[in-house]
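Below is one structure, written out as structure tokens; the observations come after it.
The values are calculated or read from the model by the stated rules, or taken from the named source; none is laboratory data. Please read these numbers as outputs of a predicted model, since none were measured by experiment. Counting neighbours? That spans all protein chains shown, and the Cβs are built from the backbone with ideal geometry, glycine included. The protein model used for the area step is the full one, side chains on, heavy atoms only, and it has no ligands, DNA or RNA in it. Shrake-Rupley method; radii C 1.70, N 1.55, O 1.52, S 1.80 Å.
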Amino acid sequence: MSLLTDLPRIPYEGPQSKNPLAFKHYDANRLVMGKPMKDHLKFSLAWWHAMSATGLDMFGPGTADKTFGEAPGTMEHARAKVDQGFDFMQKLGIEYFCFHDVDLVPEGKSLEETNRRLDDITDYIKAKMQGTNIRCLWGTANLFSHPRYMNGAGSSNSVDVYCHAAAQLKKAIECTVKLGGTGYTFWGGREGYETLLNTDMKFEQENIAKLMRMAVDYARSIGFTGTFYIEPKPKEPMKHQYDFDAATAIGFLRQYGLDKDFKLNIEANHATLAGHTFQHDLRVAAMNDMLGSVDANQGDLLLGWDTDQFPADVYETTLAMYEILKSGGLKGGLNFDAKNRRPSYTMKDMAEGFILGMDAFALGLKKAAAIIEDGRVDGFVKERYASFDSDLGRKIRKDEATLGELAERAIKQGQAPLPGSGRQEYLEGVVNSVLFSGE
Ligand code: XUL
Ligand code: CO
């Protein structure tokens, strides 16, 4: 058995370091665009992956030993996870964590028993938080693993299941508030369908919205001032998930009047499963003022599922941080909804996974700031729309133009000139030169 407490503290050693247990780019207090890196990059540990998941897949059991010297399924084990997790976060300088209810404690035989266990563990976590900088980024309820949720929770056909979900939701909100969580997340779990032959989609979506409304009302009534998040995902586990992507989730929130209380938690691997880039879904969220938080990971474009890998692709983290910087920064954080590959099963592997992800985002942050400071990309985009700075262009933008007026101008001018080169290759070259022109 190996323990996270056996690992050393992880120092920043700079880009030349070859020490696997050191940061090459993440230098918590270094200023980027006038703000310390750690305030741009509020890294968070996901309790389900880091403290719980062993690497099991449908072809075989887990390879990583996360017993931490205690029998799984006991409260001793739940507490050992807290001891190990907090020690690990402190060694890496991670200041936030996220959890599902069932990541914290083993489920009891009844809701009352589970709730008592949650009371115990949140007391334990709260005490542990004292004297550290560690805070809860967001909490959530696992409303998708238990067989009762085979048809979803808010979208279930069964009112009994719907009520059970409500009970779990209520308790998870209470735990989040108790731990001072800055957010509460709804990932659609199994909120979706396998076939429309047995599904009333409208009924199910209305019920999800009603449950969310009740959750907001309850949370506000017990003093929760944080943000609710929807985390879009197009498929897996269901064939079709209702929160398909950022645009779909925003439409849903607006339709049901939930958009004042909710923002989005954009996950990189979910965006790519939806056929978008991570950057695309960040942009859609940001331009609608709905960008709240991020689940930081990456998929494998050759595989069609949610591989939840630690972020390594600096091109992608750069473009993600570009979107985040341009939107004014995240109020939420960067939650590593990420896990080691099954053959990377040691505690050292886990540390190296986090170091990889934190460095990839730190480098992405530095490079995104450099792209913005360089100005050529932003300058080009501005210039590209410059024809709208004309009198008529301004009238269009101010909703003062009529279709007839535009048509008249078009007839007068004859053939419209070509709109100007998009210069994609030039811009990609600019990005490459910023990325690879030294530190
Ligand atoms: C599943 C996923 C979840 C959510 C929390 O794909 O991303 O772990 O982040 O329920
Ligand atoms: Co996620």
Practice item. Give me the lysines in straight-line cross-link reach of Lys81: C-alpha distance below 20 Å, same-chain residues under 8 apart excluded. Key: Lys66, Lys91, Lys126, Lys128, Lys178, Lys339, Lys348
Study note, to complete from the structure: Computed over segment 371-439, protein heavy atoms only, probe 1.4 angstrom, the accessible area per residue in square angstrom equals 81
**Study point:** DSSP-defined antiparallel bridges as percent of all bridges, the chain, nearest 5
**Key:** 20
Check your understanding: Just from its helices, what would the mean residue ellipticity at 222 nm be for the chain, if runs of 4 or more DSSP H residues each count -39500 (n - 2.57) and the sum is divided by every residue, rounded to the nearest 500 deg cm²/dmol?
Key -> -14000 deg cm²/dmol
Point to revise | Where only alpha carbons of segment 377-435 are counted, the Rg and the Dmax (Å) | key: 15.7, 47
Exercise for review: Please give the helix 278-287 orientation as an angle from the longest Cα principal axis of the chain, in degrees from 0 to 90, rounded to the nearest 10.
Suggested key: 70
Review point. Helix 159-178 versus the longest principal axis of the chain: what is the Cα-based angle in degrees, 0 to 90, to the nearest 10?
Key: 90
Practice item. Express as a percent, rounded to the nearest 5, the fraction of DSSP beta bridges in segment 41-182 (both residues included) that run antiparallel. Key: 10
Practice item. Find which of Cys175, Thr132, Thr199 sits farthest along the positive direction of the dipole of the chain, computed with +1 on the beta-carbon of Lys and Arg, -1 on that of Asp and Glu, about the Cα centre. Key: Thr132
Practice item. Among Phe99, Ala246, Gly422, pick out the residue whose Cα is farthest towards the positive end of the charge dipole of the chain, where Lys and Arg carry +1 and Asp and Glu carry -1 on C-beta, about the Cα centre. Key: Gly422
Review point. When the solvent-accessible surface of protein heavy atoms is calculated with a 1.4 angstrom probe, in what order do Phe186, Phe388, Phe99 fall, highest first?
Key: Phe388, Phe186, Phe99
**Study point:** Charge dipole magnitude, Cβ of K and R +1, D and E -1 - segment 377-435, Cα centre, debye nearest 20
**Key:** 120
Check your understanding: So, with a 1.4 angstrom probe, what is the percent of accessible area on the chain that is carbon and sulfur?
Key -> 54
Practice item. Treat every Asp and Glu Cβ in the chain as -1 and every Lys and Arg Cβ as +1, leave all other atoms uncharged, and give the resulting dipole magnitude about the Cα centre to the nearest 20 debye. Key: 720
Review point. Straight-line reach from Lys326: which lysines have a Cα under 19 Å away, not including same-chain ones fewer than 8 places off?
Key: Lys35, Lys38, Lys42, Lys263, Lys366, Lys367, Lys382
Exercise for review: Mind pulling the angle between the C-alpha long axis of helix 246-255 and the longest principal axis of the chain? Nearest 10 degrees, somewhere in 0 to 90.
Suggested key: 90
Study note, to complete from the structure: Net charge (Lys, Arg +1; Asp, Glu -1) of residues whose beta-carbon lies under 11 Å from that of Ala296, Ala296 excluded, is -4
Practice item. Taking the Cβ of Arg135 as the centre, find all other residues whose Cβ is under 14 Å away and add up their charges (Lys, Arg: +1; Asp, Glu: -1). Key: +4
Point to revise | Mean separation of Cα contacts under 8 Å (6+ apart) over length of the chain, as relative contact order % | key: 15
Check your understanding: Quick one: Cα centre-to-centre distance for segment 20-63 and segment 351-420, in angstrom?
Key -> 33
Review point. Classify segment 147-291: rounded, prolate or oblate, from the alpha-carbon gyration tensor (a ≥ b ≥ c, eigenvalue square roots; a/c under 1.5 rounded; otherwise prolate if a/b is larger than b/c)?
Key: oblate
